[in-house]
4 protein chains.
Amino acid sequence: MIVVMKPDVKREQIKEVIKYIEELKLRPILMEGVERNVIAIIGEERNLSIQTFQALSGVDYVMPVLKPYKLAALETSHKPSIINVDGVKIGGKHLAIMAGPCSVENERMMIETAIKVKEAGANILRGGAFKPRTSPYAFQGMGEDGLKLLKIAKKETGLPIITELMDIRDLILINKYTDIIQIGARNSQNYPLLKEVGRTQKPVFLKRGISGTIEELLMSAEYIMSEGNPNVILCERGIRTYERATRNTFDINAIPVLKKLTHLPVIADPSHGTGDYLLVPSIAKASIAAGADGLMIEVHPDPKVAVSDGAQSLTPENFAMMMEECRRVATAVDREM
Amino acid sequence: MIVVMKPDVKREQIKEVIKYIEELKLRPILMEGVERNVIAIIGEERNLSIQTFQALSGVDYVMPVLKPYKLAALETSHKPSIINVDGVKIGGKHLAIMAGPCSVENERMMIETAIKVKEAGANILRGGAFKPRTSPYAFQGMGEDGLKLLKIAKKETGLPIITELMDIRDLILINKYTDIIQIGARNSQNYPLLKEVGRTQKPVFLKRGISGTIEELLMSAEYIMSEGNPNVILCERGIRTYERATRNTFDINAIPVLKKLTHLPVIADPSHGTGDYLLVPSIAKASIAAGADGLMIEVHPDPKVAVSDGAQSLTPENFAMMMEECRRVATAVDREM
Amino acid sequence: MIVVMKPDVKREQIKEVIKYIEELKLRPILMEGVERNVIAIIGEERNLSIQTFQALSGVDYVMPVLKPYKLAALETSHKPSIINVDGVKIGGKHLAIMAGPCSVENERMMIETAIKVKEAGANILRGGAFKPRTSPYAFQGMGEDGLKLLKIAKKETGLPIITELMDIRDLILINKYTDIIQIGARNSQNYPLLKEVGRTQKPVFLKRGISGTIEELLMSAEYIMSEGNPNVILCERGIRTYERATRNTFDINAIPVLKKLTHLPVIADPSHGTGDYLLVPSIAKASIAAGADGLMIEVHPDPKVAVSDGAQSLTPENFAMMMEECRRVATAVDREM
Amino acid sequence: MIVVMKPDVKREQIKEVIKYIEELKLRPILMEGVERNVIAIIGEERNLSIQTFQALSGVDYVMPVLKPYKLAALETSHKPSIINVDGVKIGGKHLAIMAGPCSVENERMMIETAIKVKEAGANILRGGAFKPRTSPYAFQGMGEDGLKLLKIAKKETGLPIITELMDIRDLILINKYTDIIQIGARNSQNYPLLKEVGRTQKPVFLKRGISGTIEELLMSAEYIMSEGNPNVILCERGIRTYERATRNTFDINAIPVLKKLTHLPVIADPSHGTGDYLLVPSIAKASIAAGADGLMIEVHPDPKVAVSDGAQSLTPENFAMMMEECRRVATAVDREM
C-alpha cells in the first residue's frame, strides 16, 4: 500500500503514520520527494483498511498495490478452470451455449424450446422460475412448478439446467432441481446469498452487477470460493451507462480483461447486454471473437406473448441462424461449438 | 402507452398491433403522421409489458405514459407522509438526524458515541451489526452482540435505533432490537427482502441502489408498500459515476425530484455520498437547503481505529460543529433541528 | 411529439397547449385517459423545441417521436454509403484498416511504420501532427512538420493519410496534406469545426464524444452533412463509464445499433476503446464480428519510447499477428481484408 | 510515480525499468514485497508519461503521486483568488449572481430581463449570442447583433456582461463586447480555444465538460493559466450520468472538492445542472450552502416562447423569489448577496 502525505505535512504526522504501520507488524519505507512525502508499506495489505489510513492525520490519499482477490486470481491457478456441469465442460475449447426462455411459462413452451435449442446446438437449458422484476405488479415467476417443468425438459432432452436463485430460503429447493445456480445481477453483492451457495459444491453462474466493476465481480466470486466452492462461472451481461440506445452497454472489454485476471470461465449474455433481439447475434459473435467461453441467450417460441423479456428473445429459428453464424466465428478463433 | 411504428411499416402490421391492443381490452388510437404512424393506448398501462409491444412486428419503439409506481406517488397521498419512530417524527418540519458509527464495535464506543451525538442534537442512533463488505476478508459485523449493544445505548440515551438488515433470515432477530430497519444500497433490489419487510409495520429506511435510478428507488418502495407497510423512508446516498474524486456522486437533484414525485420522507447520507469526512458538513448543509427531511451521518470517537468507513466518519467534536452549522441553514429554509 | 399533461391538469391548460400547437400550424390530437391527458402533435417536429413545450403550464413531460437527424438516417439512403478515399473504399465488403502511430515523431519511425503496416494489410495510414493532450505540459504534436512526414510516408507506400484537425484555423493547411480529416472525441460537438469541414468535400472521420450518445454522434454527422459534405465516416472509440479496469468502455453495441440507424460507415478504434495493447486484438476481432466496416489501430515501432499512447500501441509484429487473426474472423462474417 | 511490476516479473525487467528511470535523471527506489515488486520514482513526474511506463516490459500498472496541475492548485496560492470583473469581485465573501436569458433574442426582452434581474440582486448579466445546439436545425444565436444588445443592456443597468465564445475566430469580436468570456461544456477540452483565451487577460468562465472529471476541469484551467491568464472562474453545471429524471446530475460534491484543491472561484449553474426550473431554487440554495462563490441562473421573461432552454428558465418573478430564499441561506453560511 502506498500512503501519499499532504503537501504541508508535519514531521510529527509522518512519524505517527510510520508508528502505526509498525504497530501493524508491517514495514514502512519513507520516500521524501520534492513536493510530497510518500510512505510505502511492505507486507500483506489485503487485511488493511484503506479508509483507516485515509483517516490518519496528514495523509492525503492511499493507493493499494495488491489486487484484493486471491482465490479468483489467475496467478493462483495459472491455467483456466474447467467446470464440469453434468458432463458439459465449461471453460475449455468447446463453448457452452445456454439457451431458453427468460421465464418458464408452461410445459409445452418449455419442452418445445428445449428441443429446438438443443437441435440448434445449445448444450445447457436456461429458464427462470423465480423472477426479479422491477415492478411488484409484474409476473414474479412460476416458482416450484416452474422448476418441475425444467426437470421434465431436462429428461426430454438431456440438457443440464440453469435457473436463478433469488431468495436464500429457496436454496435447498432450487439445488434439488438445477445443475447450475444462477445469481442474478441484482444479487451480485447479496453477500449472505453468495456465502450460502459457496457452502455447496454446485456450479454457480455469477452475473456482474448492474453497475458492478470487474473487480467487484471477482470479489463476489471470492466470497463464494472462500466458503469452499471453486465452481464459479462469471457472466458479463452489460452495464448501466448514460447511453439510452440500448438497455445496457455490453462491456466487451470485460471479456479479455477477465481472461487476464482470473482462471474462471467467462460467459457472455448478449440478450441482457443489448435488450434487443435484433442486436443479439452481432454481440454473440463479437463475444466469441473476444474470447468468451460461451453464451447465454434468451429464446422464446413466440416472443410477443412472452411474460418477460420479449423484446430481447430470439425465436428458435433466429436462434438457429445465429448459431450457424457463431459457429463460423468460433472456428475462426479456434474454438468449437 | 405510445407505440411508434417503423418508417416502412405495412398496413397489416398496424392492424396486428391494433388487434392485439383490443384483445387486451384497451382502446387504441391510430395517428398517421407524415413520417411515422403512432398508436396510442388508452387504459391502465401498468400491467402492460413494454417489451412485449417492442417484440411486435413493425413496432420501432414504445413509450410508457404513466409512472409505474402508484402507492409511493405524491398524487396518491397529496400531502407528505410523517412517519412516527418511537416518538420521533420523520417527514415534518423538524429534521431527523441519524448519527452513530458505521459498525458497532464495543460497548464503550457505542455508548460514548450515543451520548455525544445526542448532546449535539441527533434524535436517532445508527450502528451496523451486520455489515455488507466488498471483501469476504473484511470485518463482517458483530451480529446479535452488536444489536445488544445498540439496545444498551438506547436505554442509556433514549434514542431510537436504526440498523441494517442484510439477510432475510435475520428479520425476526433485528426486528426485536431496532426501531427502523435499514435496507442497504446493495439490497435495494433484493425483492424477497423488500417483500418481507413489507409484511411488518416497522419503519423501513430504504437506500437508493449504488446505481439505482430515482424511479427504481420508488419501485422498491412500492414493493414494500404493496405488501402493506406504508412506513417507508427514502435515502439518497450518492450514486456511482465516472468521477473518481469522491467515493460516490451525491445526487442532490434527487432530493427536490423525490419531493415532486412522492409523499415519502427523504433523508440525505453525506457520509456515503462523499466518502470523505472533510466534505460531509458541506453536503449536509446542502441537503438541508435542498429540502431533505433529515440526515444520516457516520460518527466515530476515533475514526482512525474504526473497523469500517473511518475516512468518512466525523469525530463527535466535528459532528457537533457540523450540527451548529446545519442548524443555521435549517432555520434559513424554515426547518427545525 | 407526445405531450403528457400533469395528473391534476385544468381544462384551461389543455386548451392553451392545443391553441399553441395550432398556432405552429400543426395538428393536435387530444387523448383523454383515466389518469392522464395526452396530446399528440401531428406534423414535422424537428423544428419544435421540446423544452418550450415542457415550459407550458400543465405539461408534465414531452416525448419526441421522430429521430432528430435526417440526412444521416438509414431511411434517407436505404443502402450503406461507400466513401472513396483516394481509391480505398470505406463501407463496402472490404474492410478499411487505418494504422500508424498516435503521434508523428520523426521521419524514420513514420516511414518504417508505414511500410510495416502496409505489409501487414493496412490500407490507410494514420498519424497525429496536432495532438489534443489533457495536460498543457505534454507533447502537443509536430504541427506542419508532422504533416510533411505523413506526405513522405504516403509517397513511399501509396497509403492514403488520415490525421486530426483540432484548430479550425488549420483546416486549409491540413486539407492540403490529408486524405481524411479526423475530428477527435473532444471536438465531436465543436460545431463551428463541424460546419467548416462540412463545407469541404473531404471525407471526415468523426469520433464519438468521450461520453457522447449514439444520437449525438449522428447529430454531429448531421452538422457536417447539412453543410453539403456527405462523406462522413463514424468511429466508435469507447465511452466513459464508471469502470476503471480499462481506459474507456468500448461500446460494441454501438456498431450494430449504428448499422440499424444510419447508412454511414462505422469504424472501430480498439486502441482508445481499451487503452491497453494486450486487449486490442480481442476487441478488433470482436468489432469485425459485430459488423464494423474497419479498424483504426495505433502502431508504434517502439511503444515504450512513444511520445503519446505508448500503452495502447502495438508493435508492427503484434499488429501483423493481429491482422492474421482478424482476417480469419472477417472471412467468417463474409468480409474481406 | 509508483510503478507496480507484474507478479511473475523477471530480474532483468526490473533492471530495465530502473535503468530507464535513471536515464530520465530521476531516482528509482526498489521495494521488494512478498507478492509484488514496486519501484517508486523520486522527482518531478508531471513530464513523465504514465503510458510510456505502462508499455515497459514487466510493468503491471503505474500510479502517479502528484496532481498533474500546478498553477491551479490551492497550494500554489494558499488563499482563494478574487477576480475583479469591472468592479464586481468574484471569489470573496460577496456572492456573484449571473443571470439572464439562455439566448439573446431581441432588445426588449434583453433590457427587460437585465433590469429585473438587477432589481432582484444579480450583479452580472448573462446572454448567449452564439449558441452550441445539438441540432444543426435549431436556432444558432443572433451573433454580433446579440452582442450589441448585451452592450445596450449593460449601458442601461451597469451590469457587467458574460457571454459564450464557441469559435476561436470570434475571440476578438467577443472580447470587445464582453466582460467575462464563457467557455461552454462542449468546449471544455477545446485546447486551441483555451490557449487563445489564455493569451488575453479577460476573466474566463470555464464550464466543466459534459462528462468531465474535476481533474480535467483543473487541467483545462491550467491550459488557460499556463498561457498567462490567471483570471479563471470554474463552473459546476452538472454531469452526465445514467439518471434520466433530470437533464444532468448536479455534482454538488464538486463544490467542496474544488475548494480543497484550487484557489480559483467556483460558480454553480443549477439551470443546466437540473434542466427543470422547478428544481433550480433548491439546487441554488444547496450550492450556496455547500460553499459556491456564486450562481449562474437562466431567466427569461416568458419561458414558453424562449428560443432555447425554456424548460429550465425562471421567470423574473420566480428569480426574485429564489433570490430571497438564497439570501437567507447565504447569511446562514456567512456569505453576502
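The values are calculated or read from the model by the stated rules, or taken from the named source; none is laboratory data. Predicted, not measured: the structure shown is a model, and the values here were computed from it. Don't worry about glycine lacking a Cβ; one is built from the backbone with ideal geometry, like all the others, and counts go over all protein chains shown.
The table below gives the values:
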quantity	calculated
Selection status of A:ASP170, under 17 Å from A:LYS202 (Cα atoms) and out of contact with any Leu (no Cβ under 7 Å at 6 or more places or on another chain)	yes
Per-region count, region A:222-244, residues part of a loop (DSSP other than H, G, I, E, B), acidic (Asp, Glu) and more than 14 Å from chain C (Cβ to nearest Cβ)	1
Residues located in region B:144-171, provided they are hydrophobic (A, V, I, L, M, F, W, C) and within 13 Å of chain A (Cβ to nearest Cβ)	B:LEU165, B:MET166, B:ILE168, B:LEU171
Among (1) surrounded by 21 or more Cβ atoms within 10 Å (Cβ to Cβ); (2) more than 14 Å from C:GLU243 (Cβ to Cβ); (3) without any contact (Cβ under 8 Å) to a residue 60 or more places away in the chain; (4) among the basic types (Lys, Arg), the one test that A:LYS207 misses	(3)
Cβ-Cβ under 6 Å pairs, at least 6 apart or on other chains, region C:233-248 side within 20 Å of C:ILE288 (Cα to Cα), far side assigned to a loop (DSSP other than H, G, I, E, B) and hydroxyl-bearing (Ser, Thr, Tyr)	C:ILE239/C:SER211
The listed residue being buried (at least 24 other Cβ atoms within 10 Å of the Cβ), assigned by TED's automatic domain parsing to the domain that holds C:HIS78 and either out of contact with any Gly (no Cβ under 6 Å at 6 or more places or on another chain) or over 22 Å from C:PHE139 (Cα atoms) (or both), out of C:THR241, C:THR246	C:THR241
Residues of region B:245-273 satisfying the condition of being part of a loop (DSSP other than H, G, I, E, B) and either farther than 17 Å from D:SER211 by Cα or within 7 Å of chain D (Cβ to nearest Cβ) (or both)	B:ALA245, B:THR246, B:PHE250, B:ILE252, B:ASN253, B:HIS263, B:LEU264, B:PRO265, B:ASP269
Some residue of region C:114-125 being of a type in the set (Gly, Ala, Ser), more than 21 Å from D:PRO192 (Cα to Cα) and part of a loop (DSSP other than H, G, I, E, B)	yes
Output for region A:223-235, where each listed residue is closer than 22 Å to A:LEU66 by Cβ and surrounded by 24 or more Cβ atoms within 10 Å (Cβ to Cβ)	A:TYR223, A:ILE224, A:VAL232, A:LEU234
Of all residues in region D:179-208 being in contact with a Lys or Arg (Cβ under 8 Å, 6 or more places away or on another chain) and in a loop (DSSP other than H, G, I, E, B), the one that is nearest to C:ILE183 (Cα to Cα)	D:ASN190
Matching entry among C:LEU279, C:LEU295 (being buried (at least 24 other Cβ atoms within 10 Å of the Cβ), within 14 Å of chain D (Cβ to nearest Cβ), within 24 Å of C:ASN253 (Cβ to Cβ) and modelled with pLDDT of 95 or more)	C:LEU279
Residue satisfying condition, being surrounded by fewer than 19 Cβ atoms within 10 Å (Cβ to Cβ) and over 30 Å from C:ASP309 (Cα atoms), within set D:PRO101, D:PRO80	D:PRO80
Selection within region A:197-228 - polar (S, T, N, Q) and closer than 18 Å to A:THR163 by Cα	A:THR200, A:GLN201
D:ILE172, sole failed condition from (1) at pLDDT 95 or above; (2) touching a helix residue (DSSP H, G or I) at 6+ places or on another chain (Cβ under 9 Å); (3) not hydroxyl-bearing (Ser, Thr, Tyr)	(2)
Single residue of region B:107-144 satisfying the filter (under 25 Å from the mean Cα position of the chain (by Cα) and of a type in the set (Lys, Arg)) that is farthest from B:GLY184 (Cα to Cα)	B:LYS118
Any hit, region C:172-195, residues being within 14 Å of chain D (Cβ to nearest Cβ), at positive phi and either buried (at least 24 other Cβ atoms within 10 Å of the Cβ) or touching a strand residue (DSSP E or B) at 6+ places or on another chain (Cβ under 9 Å) (or both)	no
Residue in region D:103-123 that is within 14 Å of chain C (Cβ to nearest Cβ) and either touching a residue at least 40 places away in the same chain (Cβ under 8 Å) or over 30 Å from A:VAL62 (Cβ atoms) (or both) present	yes
Options B:LYS79, B:LYS89; residue that is at pLDDT 95 or above and of a type in the set (Lys, Arg)	B:LYS89
Count - residues of region B:298-321 that are more than 10 Å from chain A (Cβ to nearest Cβ), crowded, with 24+ Cβ neighbours inside 10 Å and in a helix (DSSP H, G or I)	1
Failed item, numbered, when A:VAL65 is tested on (1) among the hydrophobic types (A, V, I, L, M, F, W, C); (2) modelled with pLDDT of 90 or more; (3) within 30 Å of A:ILE267 (Cα to Cα); (4) touching a strand residue (DSSP E or B) at 6+ places or on another chain (Cβ under 7 Å)	(2)
Selection count where residues are under 16 Å from B:VAL232 (Cα atoms) and surrounded by fewer than 24 Cβ atoms within 10 Å (Cβ to Cβ), scope region B:259-275	3
From A:LYS93, A:LYS79, A:LYS89, residue being among the basic types (Lys, Arg), farther than 23 Å from A:MET225 by Cα and assigned by TED's automatic domain parsing to the domain that holds A:GLU216	A:LYS93
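Yes/no matrix, rows are residues, columns are (1) in the same structural domain as B:ASN84 (by TED's automatic domain parsing); (2) modelled with pLDDT of 95 or more:
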site	(1), (2)
B:GLY291	yes, yes
B:PRO301	yes, no
B:LYS304	yes, no
B:PHE319	yes, yes
B:MET322	yes, yes
B:MET337	no, no
